[in-house]
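Trainee: Pasting in a structure now, in structure tokens, and then I'll have a few things to ask.
No lab work stands behind these numbers, since they all come straight from the coordinates. From a predicted model like this one, the values you see are computed outputs, not experimental measurements. Every residue, glycine among them, receives a Cβ derived from its backbone with ideal geometry; neighbour counts consider all protein chains shown.
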Amino acid sequence: MKIHEYQGKEVLERYGVRTQRGLIAENPQQAGEAYAQLGGELAVIKAQIHAGGRGKGGGVKLVKSRQEAEDAADAMLGMMLKTHQTAPEGQLVRKVFVAEGLDLAHEFYVGIVLDRAAGLPTLMVSAEGGVEIETIAVERPEAILKLPIDPMMGLQPHQARRAAFFLGLSGATMKKSIPFFMGLSKAYLELDCSLAEINPLVITEQGEVVALDAKINFDSNAMYRHPDIAEMRDEHEEDPKEVAASRFDLNYITLDGSIGCMVNGAGLAMATMDTIQLHGAKPANFLDVGGAATEENITEAFKIILSDDNVKGVLVNIFGGIMKCDIIARGVIAAARNVEIQVPLVVRLEGTNVKEGRELLAESGLAITSAGSLDEGARFIVKAVNAKEA
């Protein structure tokens with residue numbers, strides 16, 4: 001789960017991490033009032049969307065008066081902001097963050113992410129802030145310091161000092177950076193984060209250590225432990241199909257192919273997508289119905305898959321265990337009747353109650369092609385889609 005910059009800063013402040021002060025605005029008048037309330041001559045208007053690269057897309061503006069603040073907010077609100085992290089059509093800006101202007105002396109990068117190779121959260125710092133860390137990692141890996149964090153102990157003071165020295169900090173600024181790094185680590189661990197990134201971390205002319213930005217992502221499966229964080233979810237920033245899927249406990253991710261997939265189990269879903277590609281097509285989605293889906297869940301899954309105009313055919317691949325094949329078959333039949341599926345549909349069932357499931361499909365009178373194996377099912381659906389498009 002992702003949250004906005006202004007929300008990330010609210011979270012970090014709880015852990016003693018100094019962030020850039022600011023106020024949220026949903027219309028130009030509120031932006032002007034926020035500018036006046038901040039009280040400084042310089043302020044920054046920042047579009048709030050779940051994507052990086054906002055400045056390059058026109059989503060960050062410096063202003064020096066209330067009128068400029070209102071004009072900048074008026075230009076941003078309602079725009080489709082395009083960055084390298086948004087869809088081609090961009091993302092609609094619904095809120096702006098009016099932040100205090102700061103006298104910047106230095107910019108750095110700091111972030112915590114899971115190092116899957118080491119199996120540990122890892123603090124990363126670089127003296128080259130304000131740029132894409134991926135580029136630095138490829139072109140100058142020596143410019144990044146990586147420090148593994150013990151999940152039980154957290155970031156240790158000696159590690160925080162090492163990070164500060166790596167960035168060239170000293171004196172009072174170095175002392176201020178220690179609780180900053182440790183607070184960031186504590187937030188990451190206690191809140192089940194998957195990413196906590198500050199780019200840039202800045203040192204002001206007054207020697208303050210400040211998070212100028214805040215990008216924090218959370219493990220969605222752990223949000224039951226953090227209801228206050230879960231309330232920060234902004235469904236406007238997510239794929240509507242993925243939001244709908246989450247309401248029915250379906251794991252759904254939109255892809256860019258033409259074959260809709262409905263599978264139970266993440267491993268089987270990956271194998272299904274690979275097999276579709278092996279036969280010359282691309283999956284339109286990842287959809288795992290899980291092990292306890294009902295007929296209602298299956299019907300909703302079909303609705304979500306077919307709401308994607310790119311879907312030209314659907315492959316259902318279920319290995320019955322807890323999820324019995326006859327239940328899947330009834331769900332498929334109910335969905336085919338209720339949703340009025342107008343694209344080729346291939347169903348491969350195997351496992352518990354497979355005989356009953358196949359009989360239900362055969363007796364349904366619907367245009368459903370049964371397959372005896374995953375390879376056969378993928379071959380059938382790719383052939384059917386190609387024939388329809390020919």
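Trainee: Given a cut-off of 28 Å, name the pairs among Lys303/Lys383; Lys95/Lys282; Lys64/Lys95; Lys215/Lys241; Lys2/Lys64; Lys2/Lys383 whose C-alpha atoms lie farther apart than that in the structure shown.
Mentor: Too far apart for the 28 Å limit: Lys95/Lys282; Lys2/Lys64; Lys2/Lys383.
Trainee: Still on this model: Tell me the relative contact order for the chain as a rounded percent, counting alpha carbon contacts under 8 Å between residues six or more apart.
Mentor: Once normalised by length, the contact order is 12 percent.
Trainee: Calculate how many DSSP beta bridges within the chain are antiparallel, expressed in % of all such bridges and rounded to the nearest 5.
Mentor: 75
Trainee: Using the alpha-carbon atoms, what tilt in degrees (0 to 90, nearest 10) does helix 374-389 show relative to the longest principal axis of the chain?
Mentor: Approximately 90 degrees, to the nearest ten.
Trainee: Now a separate question. How about the stretch 20-122: which GluC sites (Glu not before Pro) there lie in a loop by DSSP and see at most 14 other Cβ atoms within 10 Å?
Mentor: Qualifying residues, ordered by number: Glu26, Glu41, Glu89.
Trainee: Using only Cα atoms and rounding to the nearest 10 degrees, what angle (0 to 90) does helix 171-190 make with the longest principal axis of the chain?
Mentor: Roughly 20 degrees, rounded to the nearest 10.
Trainee: Give me, ordered by chain and number, the residues 5 or more places off Gly351 or on other chains with an amide H under 5 Å from its own placed amide H.
Mentor: Gly320
Trainee: Please work out the C-alpha center-to-center distance from the stretch 173-240 to the stretch 300-322 and express it in whole Å.
Mentor: Their Cα centres are 36 Å away from one another.
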